[in-house]
Amino acid sequence: MKIEIMDKAKKKKFIEEVSDLGVEKIPYLLFKTGLERIRAFSGSFTNKEVLDVWRNFPIEGIGLYFGKQMIDRRTGRKESRLSLDALHFLKEQIKTIIVLNEEQEKEWFKGKDIELKEEQVKDFKGNEFVAVVSCENDEKDIIGTGKISSDKKMLGNFLPKERRRREM
């Protein structure tokens, strides 16, 4: 697997791409692995030591899965999004938040896209990534990342399969 340490310019570009969420600074060393995955590392290794560990040991990666840089298949535009874990690490910076009601939250955890109400998206433009918090009761608990459709009626769900609830 290919690994590339993101230099200052690439890191700055990634931060700009996720700045819709409110992110202004990422205090970690960032790596691009494979074609689109971004990993973050906060340890005391130098860049060279990280690369040496990566080459010499059969591990998936160093650091935490932090996000993705990909091409949207429908529009052909480059997009970046943060992982759920990254949202928790950067919680204090996140500003684009949608609060789900209990029914929407149940559907969210099943991995389904959510139909949004007008009052939930009045402050957003379409086609942007947002952080999703659980219910009106607990507006501090981030449960995922979603993307608002261009008509602002749907919220695309990016919850990983391993975090979904099974339907019974």
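Just so you know, all these numbers are worked out from the coordinates, no wet-lab data involved. Just so it is clear, the structure is predicted and the values come from calculations on it, not from any experiment. Cβ coordinates were reconstructed from backbone atoms using ideal geometry, including for glycine residues, and neighbour counts include every protein chain displayed.
Numbers at a glance
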item: Largest-first principal axis extents, alpha carbons of the range 1-98, Å; result: 42, 32, 23
item: Hydrodynamic radius by Kirkwood, which averages 1/r over all alpha carbon pairs of the range 97-163, in angstrom; result: 11.7
item: Positive-end residue, the range 97-163 charge dipole about Cα centroid, Cβ charges, pick of LEU155, ILE142, VAL121; result: LEU155
item: The range 13-89 and the range 98-135: distance between their alpha carbon centers, rounded to Å; result: 25
item: Magnitude of the charge dipole, the chain, Cβ model with Lys/Arg +1 and Asp/Glu -1, debye to 20; result: 820
item: Within-12-Å neighbourhood charge of GLU107 [Cβ basis; K, R +1; D, E -1]; result: -1
item: Estimated translational D of the chain in µm²/s (Stokes, Kirkwood radius over Cα pairs; 25 °C; 0.890 mPa s); result: 144
item: The range 1-84: trypsin sites (Lys or Arg not before Pro) in DSSP loop, at most 11 other beta carbons within 10 Å; result: LYS2, LYS25, ARG73, ARG74, ARG77
item: Rounded to whole Hz, the Karplus (6.51, -1.76, 1.60) HN-Hα couplings of the range 89-105, x for glycine and proline; result: 5, 9, 3, 5, 8, 5, 10, 8, 10, 10, 9, 9, 7, 4, 5, 5, 4
item: Extension reserve of the LYS106-VAL53 stretch, reckoned as 0.36 nm per residue once the Cα distance is removed; result: 15.0 nm
item: Backbone N under 16 Å from the ARG164 label point (7 Å along Cα→Cβ), restricted to the range 37-54; result: none
item: Extended-chain gain in nm, criterion 0.36 nm per residue less alpha-carbon gap, PHE45 and LYS122; result: 23.3 nm
item: Value at 222 nm in deg cm²/dmol, rounded to 500, when DSSP H runs of n ≥ 4 in the chain each add -39,500 (n - 2.57); result: -5500 deg cm²/dmol
item: Using alpha-carbon coordinates, inclination of helix 8-17 to the longest axis of the chain, degrees; result: 10
item: Between 0 and 90°, nearest 10: helix 47-56 axis offset from the chain longest Cα axis; result: 90
